[in-house]
Each structure stands twice: as C-alpha cells, then as structure tokens.
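Read the structure below first, then the notes.
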Amino acid sequence: MPVKTAPAELTAGDSALRAQYLAEVLALLYPAPCSTDDRRGEPIAEYLVVPDARRPRLLVPTTSRRVAAAAVRRYAEPQSRAARLKRDAVVAAVRTGASSVLLRDRVRVTGPARESIDGYLREALGRDLSMSIHIGPARANRKPVLQLISPDGETFGFGKLGTGPLTQRLVRAETAALTALGTVGLSKLTVPRVLHAGQWRGSQVLIQSALPVWLPRAPLTPRRLTAAMYEIAGCCGYTNGTLVGSAYWAELRGRLAAVADRSEGVELAAAAELLAAHAGDSVLRYGSWHGDWAPWNMANLADALLVWDWERFTKGVPVGFDAIHYELQRRIQSSGDAEGAVETTVRRAGELLHPFRVAPEARELTALLYLVDLAARYLADRQAEAGAR
C-alpha cells in the first residue's frame, strides 16, 4: 500500500496544513505522558522529517540506516521521473549518513513506550518493529498511515488509524473488505491480508500485509486490467433488476437525501431523479466494485496485479463502475482537466463497458449513475470543507 505523491508542488497553505497535521498526528500516536518537547526524558522514538518541518511529508525512523532507507524507498510511490529522483536522493542520504547534513529537522519522542502506538503494535503483532509515518494532504478521509519495518529492513505491513467518524467507518470497511476478499479465491489480482484489527485509545486500527510494490513493473494490458475488475465485480455474486426497483437505487436516494441541506445536494438529487424518469425501467446487472480503482492504487508485476486501498469496496452496484472510475481518474491525472475528462469518459462508456457485458442501452446510464454516486460520496464526506482540492 504505497502512498502516492502529489502531482504538484505544495502551496503555502498546503505547508501550513501539513505542519499542523504533523503536530496532531504526533499527539495522537504519542499521547501524554509521552512528549516531543521533553529533552531530558528517555527517548522511545526519533524521526527524520522529510523534506523538513515546514513541509513534512514523511517521518523516517532513525533506528538504523538500513531501516531508514527502507522507510523511504518502500513507502513513496513516485508519479514522475523528478519525484523518483528526489526519492532516490533521500534514500542515498539516509543510507550513507548524509542525512545528518541534508535532513536537519528531527522529532524526538520521550516517555513510556507502552503508552505509544509503537508499544501497542509490538504487543499486538508479537514482533519488534520500527515505524515510518506519512503526512498526507488535506482530505476528509485523511488518516495516519504507518509503514511497519522489521529490524533487518523488511517492510512487512502497513497500518491505518481511523480517528473520527468518517475514517473509523472507512477503516472498519476496509477490514471487512479484505477479510471477505481473502475467502473468495481471487486469481486475477492480489490484495493485502489482514494482520491485525482492533482499537487503540479510541482509534480504529487496521494492519495489513505489505504488497511487494517495489518489485519490477510490467506493462499493464487492458485485457489484464479488465479481467481483474470483472473478477471483483462477480466475487460476491450478481443480481439483475430495473434501476428504480433495485436496492442500489434505494440506497443512492438515501445518500442523496442526507446531503439535501446543501444546494449541490439538491441539484444532484434532481439530476438522479431525471435519470430515473428517463431510464428507470432499464435492467442492470449489479455486482461489487473496489470503489477507488485508480492508477495510484495498483501495481502490475510480471506475474501479479497488486491492488490496495479497499476502504470503498461495495456490493450491489451497477457492474462497470470500476472501469468508468479508472478511466476518469487516469484522464484527470494526465490532463488536469476534470470537466474534459468527465465528458470524454462518458462518451467512451460504450467502449469501456462492452467487456463487462453491460447491455448497450445501459452503458451511458451506468456512466452517469457512477458520476452521481461519486459526487454523492464527495458531498457526504465534505471533502471541500476539509481543504481538499
């Protein structure tokens, strides 16, 4: 479960939000009587701040050079050649010891180890470990994400902590999804295993196995991607029925009603009702979807397709949602033009949904329902209020 890097440089506002979030995360993971201010106490953890305290992205443990190098090399998932070069420079710095000159900002934590997240995880997993911490951009579903590293530098797991109502629900949902997917005998893709799930100091905790995303990549063919998405669509079975008579439509209308206190929610509900008025008697096939199958949540190897971030996995949605979502996110990532990406994706609905055996007359409807569904999610999560772009 590598963490995707932002496609653009941080703004001043981003930096301030990240610095504030860094303080919040440290207070969460190392609550009193632990402290990051007591210089006289016994240290229980120390981190390098990458790239610096003004623009924190990653906290790297100083346990050893090997562990520090693994924390950087096997966490970030660069989306460009420039980002990859920066990542490799940091790896070289921590591996050779030059980090003491290039990475001057550090966080030193003191206090009783048993009160910290490190102590909880060592006891829960029954093994020694070091931990790196990702400081992500502002999003409603932002949560502390931890990389767990063995003393010999092996990344063996990733952890998520749900701290508020939304993120706790998402962490519980991902735990349930990975548990269910581990029983259905997937053959077209590989997903993480649940290593531990529980609660710690009011936070929902999920520790999952690390997928080997650091192995060499292979070109991803449309056929392989479609086969994997089709396997997920049918992994929990299918149902058939009209749109307006389906459980999916009842659930979507309920979600839209929950955001009717905002003008965007009212407009979105009106658009959904218009769809139902024109095509409500269309028969659709309903299955499962990943919920956020995007280029940055997967890696294609020669012998495996790795897919992570299953917190939005849902059953009983129109088959083909994953294909539409992937196409839309890929276009937005490459062009930055969201409106143009939406229009092009909807125009290509027939081509995109043909491999999923969606009836020709239901393909545009499926794409439009997906857009309503995704917009309802963004409104319900209050992404804009959280500071997301």
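The values are calculated or read from the model by the stated rules, or taken from the named source; none is laboratory data. What you are looking at is a predicted structure, and each value in this text was computed from that prediction instead of being measured. Cβ placement follows ideal geometry from the backbone for every residue including glycine, while neighbour counts extend to all protein chains displayed. Just the protein is used for accessible areas: all its heavy atoms, side chains included, with ligands, DNA and RNA removed. Shrake-Rupley method; radii C 1.70, N 1.55, O 1.52, S 1.80 Å.
Quick notes on this structure:
- Considering the conditions (1) small (Gly, Ala, Ser); (2) in a loop (DSSP other than H, G, I, E, B); (3) touching a residue at least 40 places away in the same chain (Cβ under 8 Å), residue 198 is excluded by exactly one of them, (2).
- Residue ID - farthest from residue 301 (Cα to Cα), chosen from residues in region 186-214 that are under 20 Å from the mean Cα position of the chain (by Cα), open to solvent by 20 Å² or more (accessible area, probe 1.4 Å) and aliphatic (A, V, I, L, M): 197
- Looking at 146, 178, just one residue is under 17 Å from residue 123 (Cα atoms), surrounded by 15 or more Cβ atoms within 10 Å (Cβ to Cβ) and modelled with pLDDT of 95 or more, and that residue is 146.
- Out of 89, 68, 23, one residue alone is in a helix (DSSP H, G or I), crowded, with 16+ Cβ neighbours inside 10 Å and on the phi < 0 side of the Ramachandran plot. It is 68.
- Count of residues meeting criterion [part of a loop (DSSP other than H, G, I, E, B), over 25 Å from residue 298 (Cβ atoms) and of a type in the set (Gly, Ala, Ser)] in region 228-260: 3
- Taking the conditions (1) touching a residue at least 40 places away in the same chain (Cβ under 8 Å); (2) farther than 22 Å from residue 167 by Cα in turn, residue 325 satisfies each one other than (2).
- Residue pairs whose Cβ atoms lie under 7 Å apart, sitting 6 or more positions apart in sequence or on different chains, and linking a residue in region 106-122 that is in the same structural domain as residue 133 (by the TED database) to a partner that is assigned to a loop (DSSP other than H, G, I, E, B) and aliphatic (A, V, I, L, M), are 121/129; 122/129.
- Among the candidates 270, 250, the residue that is open to solvent by less than 80 Å² (accessible area, probe 1.4 Å), closer than 16 Å to residue 318 by Cα and at pLDDT 95 or above is uniquely 250.
- The lone exception for residue 183 - which of (1) closer than 23 Å to residue 154 by Cα; (2) without any contact (Cβ under 8 Å) to a residue 12 or more places away in the chain it fails: (1)
- Of all residues in region 99-121 being in a helix (DSSP H, G or I) and open to solvent by 80 Å² or more (accessible area, probe 1.4 Å), the one that is modelled with the highest pLDDT: 114
- Residue match in region 77-90 (condition: at pLDDT below 80 and either outside the structural domain of residue 118 (by the TED database) or hydroxyl-bearing (Ser, Thr, Tyr) (or both)): yes
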